[in-house]
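The structure appears right after this line, and notes come after that.
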Amino acid sequence: MRKNINSLQSLIFTGLFAAIIYIGIWVLRIPVPAMVGRPFIHFGNTLTAVAILYLGYRNGMIAGIIGLGGFDLLNGYAVTSWLTILEVVVVASVLTAVYKGMNYKDTKKNIIILGIIAGVTKIFTTYCVSIVEALMVGTSLQVAYIGAFVSLPATVINSISTAICTPILYFALKDAIKAIMKKTN
């Protein structure tokens, strides 16, 4: 699917994944109390990781930016949506670099490793985002570090979900994507 990132087919898949990511957050989100921000458990990160693996760096990142960033813009998180977009860029960059190092071989082992990497990367980026959010509301740096750390439980749950669900969704969709690709070529 990575062959022509500007083809109509690639653009349609990018839009489709963006919509699925948005719906994946909007339909199923479970709020979690935290000292900083308003975190919740959702499947947007998992779906973004799957989009990156299927669509490649650019289109997967665009789908994640539209899906996750669009959700933030339309649901009361507009002030920090730019941080969500940066998180997507970092996750897309890390996943793509590792996947490239694996020569884009989608063995079960590689996809499981990529799911774990996506989850761990998300913990790191969300910790950094929580620090920035705390600083944006005027807390001191030391308090921001502590508040961000205390607010990590929702992120850890989302990251575990990403590590488990990314390989499951990737392989569940693999045959369907191949069938669609055959019909359109």
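Observations on the model:
- Residue, modelled with the highest pLDDT, within the range 42-80, restricted to residues that are surrounded by fewer than 19 Cβ atoms within 10 Å (Cβ to Cβ) and not in a helix (DSSP H, G or I): Asn75
- Extreme residue, surrounded by the most Cβ atoms within 10 Å (Cβ to Cβ), among residues of the range 157-179 that are at pLDDT below 90 and of a type in the set (A, V, I, L, M): Ile157
- Residue in the range 119-142 that is under 19 Å from Gly24 (Cβ atoms), in contact with an Asp or Glu (Cβ under 6 Å, 6 or more places away or on another chain) and either basic (Lys, Arg) or in a helix (DSSP H, G or I) (or both) present: yes
- Flag for Leu53 being among the aliphatic types (A, V, I, L, M), more than 21 Å from Leu135 (Cβ to Cβ) and under 13 Å from the mean Cα position of the chain (by Cα): yes
- Applying a threshold of 6 Å to beta carbon distances and a minimum spacing of six or more residues, or different chains, the list of pairs starting in the range 51-77 at a residue that is closer than 22 Å to Leu114 by Cα and ending at one that is surrounded by fewer than 24 Cβ atoms within 10 Å (Cβ to Cβ) and of a type in the set (D, E, K, R) reads Gly56/Arg2.
- If you go through the range 102-116 and keep only what is without any contact (Cβ under 8 Å) to a residue 40 or more places away in the chain, open to solvent by 40 Å² or more (accessible area, probe 1.4 Å) and assigned to a helix (DSSP H, G or I), you end up with Lys109, Ile113.
- Hey, Tyr99 of a type in the set (Phe, Trp, Tyr), open to solvent by 60 Å² or more (accessible area, probe 1.4 Å) and within 20 Å of Phe13 (Cβ to Cβ) or not: no
- Residue in the range 26-41 that is without any contact (Cβ under 8 Å) to a residue 60 or more places away in the chain, closer than 16 Å to Ala163 by Cβ and surrounded by 15 or more Cβ atoms within 10 Å (Cβ to Cβ) present: no
The values are calculated or read from the model by the stated rules, or taken from the named source; none is laboratory data. Every value quoted in this text rests on a predicted model; they were computed, and no experiment measured them. Every residue, glycine as well, gets a Cβ built from its backbone with ideal geometry; the counts of neighbours run over all protein chains shown. The area values use the complete protein model at the heavy-atom level, side chains included, leaving out ligands, DNA and RNA. Shrake-Rupley method; radii C 1.70, N 1.55, O 1.52, S 1.80 Å.
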